[in-house]
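Remarks on the structure that follows.
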Amino acid sequence: MSLEVHCPRCGKKVPWNETQRWRPFCSERCRLIDLGQWANEEHRVAGDDLPPAGDTPH
Ligand SMILES: [Zn+2]
């Protein structure tokens, strides 16, 4: 049984399984954009050293 969702940002199909770490988004980029962090974090998204989500001051 395979379940697919659509990325809330771009509408791309995303398989719902453990390998899709950004689900329901298709990618880290779409996830960050949707969370509204893109503008603030764009200079550090190039690497894999992003801080844990949820620690961004509002
Ligand atoms: Zn997407």
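Here is how the numbers come out for the structure above:
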item: Matching residues, segment 2-36, being on the phi > 0 side of the Ramachandran plot and more than 13 Å from the ligand (Cβ to nearest atom); result: GLY36
item: Neighbours by Cβ (under 6 Å, 6+ apart or cross-chain): first from segment 11-26, among the β-branched types (Val, Ile, Thr); second more than 7 Å from the ligand (Cβ to nearest atom); result: VAL14/VAL5; VAL14/GLN20; VAL14/ARG23
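Coordinate-derived values only; no laboratory data. Here the structure is a predicted model, which is why all the values come from computation and not from measurement. Methodologically, a virtual Cβ is constructed for each residue, glycine included, from the backbone with ideal geometry; neighbour enumeration extends over all protein chains shown.
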